[in-house]
Every structure is written in C-alpha cells, then in structure tokens.
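Q: I have a structure here, written as structure tokens, and I will follow up with some questions on it.
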Protein chains: 2
Amino acid sequence: MSVLYQRLAVIGCGLIGSSVLRAARAAGLAQTYAAYDRSAEVRSRVAALGLADDVCDTPQAAAAGADLVLIATPPAAIGPMAGQIAAALAPGATLTDVGSAKQAVLDAFEAIAPEGVFAIPGHPVAGTEQSGPDAGFAELFRGRWAILCPLPRTDAPYLAAVARLSDFWTGMGSQVEHMDARHHDLVLAVTSHLPHLIAYNIVGTAADLEDVTESEVMKFSAGGFRDFTRIAASDPVMWRDVFLLNKDAVLEILARFTEDLQALSRAIRWGEADKLEALFVRTRAIRLGIVAAGQESAEPNFGRNRTT
Amino acid sequence: MSVLYQRLAVIGCGLIGSSVLRAARAAGLAQTYAAYDRSAEVRSRVAALGLADDVCDTPQAAAAGADLVLIATPPAAIGPMAGQIAAALAPGATLTDVGSAKQAVLDAFEAIAPEGVFAIPGHPVAGTEQSGPDAGFAELFRGRWAILCPLPRTDAPYLAAVARLSDFWTGMGSQVEHMDARHHDLVLAVTSHLPHLIAYNIVGTAADLEDVTESEVMKFSAGGFRDFTRIAASDPVMWRDVFLLNKDAVLEILARFTEDLQALSRAIRWGEADKLEALFVRTRAIRLGIVAAGQESAEPNFGRNRTT
C-alpha cells in the first residue's frame, strides 16, 4: 500500500482510535502520525506504546497540518470536538469519525466544516468489549465493514476525498460500503444497537433476582447468558451516547422487538407449540444464510459456542 | 478411569446423545454401548459412525440389561419415553436424562420408575447450535457443568447410584453440581432459556423489517447481532419443548426482563444519560466478575468478539 496521507491525526485514543493508529502504521498509510486524547494518562500510554510520532496536548495541535483528521471520541463528543478543531483544519483536509450513530455526526459536520474541508462521516463495524489504548490492535478492522456516509456532494474534489478515505479503510483490511446516514442508523439499530440494549438489559435483570445468586448466574452462564455478558461489557459511555444519539431508530426497533416478544410470551403461556417451532425454524434458516454468505464459519469451535 | 457401567444405553442420538456415546467410550466408562433413536436414518448414522456396539430398533431393546439408561430425546419426549421403557428397565439400573427443564422430568420419573430403579434427572450445561449424530464430539462436556437433580431419597443404594452417575459425568470431563429441580429450572430460565428466547425474538424482528433487507442484516451482523443468530440457530424442537416445559419460570423471568426493558426504553426516550450509564457500568462489572471467576478468558480473540 502506498502512502495516502501526509499527516494522520487521531483524536481520541481508545480501542478504536489506537487501533487506527496501529493499523494505518502497519500498512504504511500515512507519513506521520499525530494523536490527541483528553486524558493525560491516555496520552502518556499512547506515547509509551509508540503509537504516534506527535502526541499533542490539544486537539487543535494534532489537527493542524493534518490531511486526515479522524475523531474517535465517544459519540456525543464528536460534534463538539469537530467544532473545537474546525478553525485548525487545513484546507483540503478530510475530516472523518468512527461513531456508531451517523446522522448526528453528519448534521454536526455540515454545520461546522469550513469550506475546503472534506467532511465524511464514517463507521468501522468492528470492536471488542475492551476499552482504552492498550486494548487496540492492528488487525481489528481486517475483514470487517467500514461504512462511509458522505455528504450529498457530487463535486469532483469531494468524490476524490471519499475515494481516498475508502482506500484508507481498505488499506487497513476493511471492506467499504457507502450508505445514507439515516439508513445506516436504522440498519445499525437492528444489527448492533438493539442487541447491545437487550444484552445490557438481560444482565441487569439477572443481577436483580432475589432467588438466584449472582454466583449461580456466573457459574451456569455457558447456557447462553455468557454471550450477553460479553456484549454487556462494552464501553458504558460510548453506548450511553449511541442510544441517545440514535434515539429514534433505537426506539422504533425496540418497539417492534417488544411487540414480537409479547406475542412470543403469549404463545408460551397458551402452549402454542407450532407457533414457537415455526419461528425457531425460521430464525435458524437466517443463521444458515449468514454462514452460507461467508460471514462466519459453520465449523464447531470447541468451548466458545454457547450451549443449551 | 475405570468402567462404571456394564451396559450404557443412550436413547436419542442427536448432538448430546451421540456426544455422550463418544465421550463415555473415549473415557472407557462402560463395557458395552447400546443406542436407539426414533429415526432409522439416525440409527444408520450411529452404526456407520461406530458410536455403539448395539444399535437397537426399539428403545426397550436398548434399555434391556442396561445398568445406565440415558434419555437424550427432545425434552417433551423424555417423560413418555421413560414410560415406554419402564417395564424393560433392569432392577438396579440407573435412569437419567439430559433435558434442560428438570421439574417435569422429575415428576415423570417419580410417576413411572419401577421400584429398584434409580431415577436421577440430569442436565449437562453444554451444547452447540448444531444438531444430529454427526455434530456430536467427545469433548463436548469437558469443563462444563453437569447438574443432577436427585429425587428426595436418602437411602444408601440411591445415594450410591447418584455418586456413580456423578463419577460418570466427571469421567467425561464435567464438574457436577446437585440442585433442587425447581431451582434448576429457575436458574436455567435466566442463564439459558431467556437468552435463547430473546435471541429467537430479535432475529425474527429483524427479518420482518420492511426498510432493512435481510442481506443488510447479514452483512452488518458483526455489530452484535451475529451472536444472537448463533443462539437462534439452536434446535427448534428442543427449544419449543424447553419453553413449554419450563413455562412458569420462563414467563416469570421474561416478565421481569420486559419490565426492565420498558424502564430502559423510557430512559432513552427522556434522555436520562446518567441512568443508562449507571446500568451499563453495572453490567460491565458483572462480566468482569465472570472473567475473574475463570468462567471465560478476558483475552481478546480476534475476529470472534462482537463489535460496535
């Protein structure tokens, strides 16, 4: 891969930001690497880990002279951070982010991006339940989707900037998809936000039971619960922001989910065996579709599959 | 491990039954292995795979002369099957099962077990989303819990039978726990049955959306949804039975879950950031408890952790 940017500035060096620094450097996608994080402790870790050539004390200093500025703060801070650094952005720079809710970022970018700056909201669909600069790794984006939600611009320089940013994600091993921001938010509400909400909720419900101890829940968590606890260990601040920033889509999907769950509950109460089995046969087929589409291996993997 | 039983009869040779045959033989826990399955096709596969010395055409023939009879049919068939073979059970034989709902089995066993037969409901908390005799493997129970729910008997021969059955599961690599059947059903409703119900439901909800295509759902399933699809691919007949047999505990836990979900939904609608974050911090701590308790590694595992 050849160098795509002279100076990459990553603002916010948690799991995702630090992984971008590692992955971009591993692929040689930028000439120099600048970084900023609000936390002095994180900044020292980034320096100690050698993740950036230029660890800056202000976001403006990191952004200055960068031709790619990538904001990887918690979602609610992306818009305000874009506002803070707007004046420092170089003409011709690309401004992007990695947040899970895209319409809010698009609105913020449209409101503040100076003329001559290419604002392109982005979202790598990748992560783990770990947080912080030590949790990042260069392979995080490999084989994952990176979704870009470009502004409604069709001028050649903007399209060229979008193409270059696509190459950047491809260079880190991702497949790139372009999507309308609002549609992105609906798709992710289903495939990511609702699953996280449900997982947080079930773990909370389990913790509140009087007749089952927490140690019993942990002990027998291999029965399915364990997968939920992993999801429910994801970054609390990030997810608080995602649910609030993508409120409309999340509540819409959640309402449908709840409606379906009531119907399922009723089918159990009334012993409607056929209805239950029909749903379960159908959902199994969807899984087989995912496996067939190569999204995941169908091979049994000892010890990690959840159980009955 | 020394031989614990002269003749082990496994009735129902799906994922679990065939894994018991494999694991018991690998550990040398029985002298001879008998098997029966309702499906002629499964019986031929069991014979072709060499999983049993004696593949029988009737459950009575398999059970005859066996000192351990293990029923591994779908849950709703366990009671009726116990009734079918009752007359064929040898005096001194142990009758057990592997179903996920235990009070119903205990009631059935108490109703039909002839005097001199030791009926001991059991449940290995292990499995994968695969089904059938080809999906089984000898290591399935290794490091997993096997729960026994003995009858309220304190006579020495019964206690000796329970101890021997415990050794059988230990011999296949499991840790054994004794539990009251009703308590088992409540614990598993939380750690296994509700997670499966939720997973089935969310996959169904996603499939019904008009504005998001199934292929989009699959494509971006790495965002958390994928874990749910794996769970929702579990055996439809088995799970239909589990929900119906453990109806009371499942509906009780489901009602609490729904109540909590309504509160969470309200917190999102009204932008109660602190409430959301407090829950998410709490659920993360529970996960760390599970990891600390050694139930699962905290190591990142590339490509299998779910994502944002």
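We did not get these values from a lab; they are worked out from the coordinates using the rules stated. What you see is a predicted model, and the numbers here were worked out from it, not measured in a lab. Note that each Cβ is placed from the backbone with ideal geometry, even for glycine, and that neighbours are counted across all protein chains shown.
Q: Ordered shortest first, which distances in nm separate the 7 Å Cα→C-beta label point of B:Asp53 from those of the other copies?
A: 7.4
Q: Here is a further query. Show me A:224-235, B:135-146, B:248-259 ranked by packing, highest mean number of other Cβ atoms within 10 Å first.
A: Final packing ranking: A:224-235, B:135-146, B:248-259.
Q: For helix B:156-171, report the angle its Cα long axis makes with the longest principal axis of the Cα atoms of chain B; keep it between 0 and 90° and round to the nearest 10°.
A: Its long axis makes an angle of about 60 degrees.
Q: Here's something else I'd like to know. Extent of chain B along each principal axis, from alpha carbon coordinates, in Å, largest to smallest?
A: 66, 42, 35
Q: Report the residue, chosen from A:Val187, A:Val105, A:Val176, that carries the largest GNM mean-square fluctuation when chain A is represented by alpha-carbon nodes joined by springs under 10 Å.
A: Sorting by GNM fluctuation, first place goes to A:Val187.
Q: For label points placed 7 Å from Cα toward Cβ, what is the shortest-first list of nm distances from B:Glu210 to its copies?
A: Taking the point 7 Å beyond Cα along Cα→Cβ, the inter-copy spacings are 4.5 nm.
Q: Could you list the residues of segment A:78-98 with an amide nitrogen less than 15 Å from a label point located 7 Å from the Cα of A:Glu115 in the Cα-to-C-beta direction?
A: In segment A:78-98, the label zone of A:Glu115 (backbone N under 15 Å from the point 7 Å along Cα→Cβ) covers A:91-92.
Q: Just to be sure I understand: of the beta bridges DSSP finds with both ends in segment B:5-179, what percent are antiparallel, rounded to 5?
A: 10 percent
Q: For the pair A:Arg182 and A:Asp53, how long in nm is the line joining their label points, each one 7 Å along Cα→Cβ?
A: 4.3 nm
Q: In nm, what does the list of distances from A:Ala26 to its counterparts in the other copies look like, shortest first, when each label sits 7 Å along Cα to Cβ?
A: Result for A:Ala26, in nm, nearest copy first: 3.3.
Q: Pick from A:Ala26, A:Ala263, A:Ala48: which residue has the top mean-square fluctuation in a GNM of chain A where Cα pairs under 10 Å get a spring?
A: A:Ala263
Q: In deg cm²/dmol, rounded to 500, what helix-only [θ] at 222 nm does chain B give when every DSSP H run of at least 4 residues adds -39500 (n - 2.57) and the total is split over its residues?
A: -15000 deg cm²/dmol
Q: Turning to a different aspect of this structure: Which residue fluctuates most in the GNM of chain B (Cα springs below 10 Å): B:Gln262, B:Gln31, B:Gln84?
A: Per the Cα network of chain B with a 10 Å cutoff, B:Gln262 tops the list.
Q: Ranked by Cβ crowding within 10 angstrom, fewest neighbours first, how are A:Asp134, B:Asp208, A:Asp67 ordered?
A: Result, fewest neighbours first: B:Asp208, A:Asp134, A:Asp67.
Q: While we're here: Hey, fewest Cβ within 10 Å first, where do B:Thr154, B:Thr96, B:Thr170, B:Thr213 land in order?
A: So the ranking, lowest neighbour count to highest, is B:Thr154, B:Thr213, B:Thr170, B:Thr96.
Q: Assuming 1.002 mPa s and 20 °C, estimate D for the protein assembly as shown with Stokes-Einstein, Rh taken as the Kirkwood radius over Cα pairs, in µm²/s.
A: Using the Kirkwood radius from Cα pairs, D works out to 83 µm²/s.
Q: Further, regarding this structure: How far is it, in nm, from the label point at B:Asp274 to the one at B:Arg142 when both lie 7 Å from their Cα along the line to the Cβ?
A: Result: 5.1 nm between the two label points.
Q: How big is segment A:136-239 along each principal axis, measuring the range of its Cα positions in Å and listing the largest first?
A: Extents along the principal axes, in whole Å: 64, 29, 22.
Q: May I pose another question? For peptide A:234-246, what's the mean number of Cβ atoms from other chains within 10 Å of each residue's Cβ?
A: Mean shielding count: 5.
Q: Order of B:His196, A:His123, B:His183 from fewest to most other C-beta atoms within 10 Å?
A: Starting with the residue having the fewest Cβ neighbours, the order is B:His183, B:His196, A:His123.
Q: Please report the antiparallel percentage of DSSP beta bridges with both residues in the protein assembly as shown, rounded to the nearest 5.
A: 10 percent
Q: Determine the relative contact order of segment B:98-223: mean sequence separation of Cα pairs under 8 Å and six or more apart, normalised by residue count, in whole percent.
A: Value for segment B:98-223: 24 percent.
Q: For an R0 of 45 angstrom, estimate the FRET efficiency from the Cβ-Cβ distance between A:Thr213 and A:Asp107 and round to the nearest 0.05.
A: In this case the efficiency is close to 0.45.
Q: Something else: For segment B:5-179, what is one quarter of the convex hull surface built on the Cα atoms, given in nm²?
A: 8.4 nm²
Q: Identify, among A:Ala52, B:Pro124, B:Thr94, the residue whose Cα sits farthest towards the positive end of the charge dipole of the protein assembly as shown, taking +1 on the Cβ of Lys and Arg and -1 on the Cβ of Asp and Glu, with the dipole about the Cα centre.
A: Going by the charge dipole, the pick is A:Ala52.
Q: In whole Å, largest first, what are the principal axis extents of the Cα atoms in segment A:212-255?
A: So the three principal-axis extents are 37, 23, 16 Å.
Q: Could you check the simple spin-label distance between B:Ala292 and A:Ala255, using points 7 Å along Cα→Cβ, in nm with one decimal?
A: With each label placed 7 Å out from Cα toward Cβ, I get 4.1 nm.
Q: Still on this structure: Calculate how steeply helix B:247-269 sits against the longest principal axis of the alpha-carbon atoms of chain B, using the helix alpha-carbon long axis, and give the answer as 0 to 90 degrees to the nearest 10.
A: Helix B:247-269 and the main axis of chain B meet at about 10 degrees.
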